[in-house]
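Novice: Take a look at the following structure, please.
The values are calculated or read from the model by the stated rules, or taken from the named source; none is laboratory data. Keep in mind that what you see is a predicted model, and the values were worked out from it rather than measured. Neighbour counts are summed over all protein chains in view; Cβ atoms, including those assigned to glycine, are modelled from backbone coordinates with ideal geometry. Surface accessibility is based on the protein's heavy atoms, side chains included, excluding ligands, DNA and RNA. Shrake-Rupley method; radii C 1.70, N 1.55, O 1.52, S 1.80 Å.
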Amino acid sequence: MKTSISKYTFFEYLSGRSNPLEKQLVMEWISKPENTETFYEWLLQYETLSPQFLPDQEKAIESLLQRINLDVDADEDYAETAGTVYVRKRTYPVRRILFLAASVLLTVGAGWWFRDPLIYKTYQTGYGQTTDIFLEDGSKVTLNANSSLRVPRFGFSSDAREVFLSGEGEFTVSHTVDNKRFIVKTSEKFQVEVLGTQFSVFARPRGTKVALTSGSVRIDYDSNRREVMMEPGDLAVLDKKGEVQLEKNQDVQTLVSWKEQRYVFDGTSINDIASMVEENFGIPVAIADEETRLRTITGNFKTKNADELLKTISEALNLKMSVSGDSILLSPN
């Protein structure tokens, strides 16, 4: 069925006054290539006639983000099971993306379009929470506690599937018929390009690690884009000098034991455990002295919270655990 709209209907939508039926008609009209010229013509007219949208940029950007979230979230499926959120995004017509981009230009000026909240949607986990996210290409990302994943709000580009990770996550990547690359960026100088299927990435302030379970990945790092190829069982560690050290034949599954609320330590220092507790549970852990800080422990601990984990470790190492303000203090018994 041929879709046609009036200029008045188009202007009403841009001003946010259209009803659901008018909104649907506008979106269908924009998706037709033959309407492109008219679309730009009316867009320019609306911009000329509506200068009142330009002065208060902060208020305009907030209002626009709310509109975009309503439009996009309406096309997402959510399900919640045992506290875990599953999200499946759908793809969007190119014309729809173009229209939303143009709306941004109208509302707040060209410079605002490059702000992250407009281009990307962020999924964030709280302390002690893990979340499964299903991307539009069928790939699955499991986020550990206190982590975030940024994904393109309107779908992946034609060149690559690119996401941004802060914290810790396990990736199971789906193959596409056009062999589109899947890239995980943790910073401007470090990224993981997927050539296989399953791997995990740890990207916290205290370091960056990549563990490969199956398939193959390539790590690009530093400003000169040096490369390291990984095979299953490899663990890549970015050291303090910015070099990637590759450790072969590692038990990489232990690095994602947090999915089962397990923590596996192999000669792990109390100092590293304290950092891990703060990263995952948001509870600062103070250590009384250097000797205690350097003590190590090996074992497999299943726990639901930081208090239970620290009590078990304290008993095993004969340490005293006490509360000091908002933090926990570990000291010799």
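Novice: Given H placed 1.01 Å from N in the peptide plane, which residues other than close sequence neighbours of Glu162 have an amide H under 5 Å from its amide H?
Specialist: Hits under the 5 Å cutoff: Ser157, Ile183.
Novice: What figure, in Å² to the nearest 10, do you get for the accessible area of Arg181 with a 1.4 Å probe and non-protein molecules left out?
Specialist: 100 Å²
Novice: Follow-up question, since we're still on this one. Mind checking which lysines have their Cα closer than 18 Å to the Cα of Lys240? Skip sequence neighbours fewer than 8 apart in that chain.
Specialist: Lys189, Lys209
Novice: Which value, in Å to one decimal place, does the Kirkwood hydrodynamic radius take for region 199-242 when every pair of different Cα atoms is included?
Specialist: Roughly 11.0 Å, rounded to one decimal.
Novice: Within 15 Å, Cβ to Cβ, of Leu309, how many net charges do the neighbouring residues add up to if Lys/Arg are +1 and Asp/Glu are -1?
Specialist: For residues surrounding Leu309, the net value is -3.
Novice: Under the Karplus relation 6.51 cos²θ - 1.76 cosθ + 1.60, θ = phi - 60°, what is the ordered set of whole-Hz ³J(HN,Hα) values for region 275-290, x standing for Gly and Pro?
Specialist: 5, 4, 4, 5, 5, 8, 10, x, 10, x, 10, 9, 10, 5, 8, 5
Novice: Let me ask something additional. On a 32 Å Cα-Cα criterion, which of the cross-link pairs Lys140/Lys320; Lys121/Lys320; Lys259/Lys311 come out too long?
Specialist: Details: Lys140/Lys320 41 Å; Lys121/Lys320 44 Å; Lys259/Lys311 21 Å.
Exceeds cut-off: Lys140/Lys320; Lys121/Lys320.
Novice: Here's a follow-up. Can you work out ³J(HN,Hα) from phi for every residue in region 17-23, in order, using Karplus 6.51 cos²θ - 1.76 cosθ + 1.60 and θ = phi - 60°, giving whole Hz and x for Gly and Pro?
Specialist: 9, 7, 8, x, 5, 4, 4
Novice: I've got another one for you. How are the alpha carbon pair distances in region 243-290 distributed across 10 Å bins from zero to the largest one, expressed in percent?
Specialist: 20, 45, 29, 5
Novice: Around Arg153, which amide H atoms from residues at least 5 apart in sequence, or from another chain, sit under 5 Å from its own amide H, with H modelled in the peptide plane?
Specialist: Distant-sequence amide H within range of Arg153: Tyr120, Lys121.
Novice: Please compute the Kirkwood hydrodynamic radius over region 162-275, one decimal place, Å, based on all pairs of different Cα atoms.
Specialist: 14.6 Å
Novice: A further question follows. Fully extended, how many nm does the chain gain between Tyr120 and Leu246 (0.36 nm per residue separation, minus their Cα-Cα distance)?
Specialist: My answer for the length gained is 42.2 nm.
Novice: How large a share of the accessible area of region 228-333, in percent, is made up of carbon and sulfur atoms when the probe is 1.4 Å and the other protein chains stay in place?
Specialist: That fraction is 46 percent.
Novice: Below 18 Å, Cα to Cα, which lysines can Lys32 reach? Residues fewer than 8 away in the same chain don't count.
Specialist: Lys2, Lys7, Lys23
Novice: Let me ask something else about it. With the other protein chains left in place, how much accessible area per residue, in square angstrom, belongs to region 181-234 at a 1.4 angstrom probe?
Specialist: Counting only protein heavy atoms, the per-residue value for region 181-234 is 43 Å².
Novice: Let me test this: with uniform point scatterers at the alpha carbons of region 213-333, what is the Debye-based log₁₀ I(q)/I(0) at q = 0.13, 0.18, 0.19, 0.23 1/Å?
Specialist: Here the Debye-derived log intensity ratios amount to -0.64, -0.99, -1.05, -1.27.
Novice: So, one more: How large is ³J(HN,Hα) for each residue in region 147-159, as worked out from phi by the Karplus curve 6.51 cos²θ - 1.76 cosθ + 1.60 (θ = phi - 60°), to whole Hz, x for Gly and Pro?
Specialist: Along region 147-159, the couplings run 9, 9, 10, 9, 10, x, 5, 10, x, 6, 6, 6, 8 Hz.
Novice: Here is a follow-up. Around Asn144, which amide H atoms from residues at least 5 apart in sequence, or from another chain, sit under 5 Å from its own amide H, with H modelled in the peptide plane?
Specialist: Glu168, Gly169, Glu170
Novice: Radius of gyration and Dmax for region 163-220's Cα atoms, expressed in Å?
Specialist: 11.0, 38
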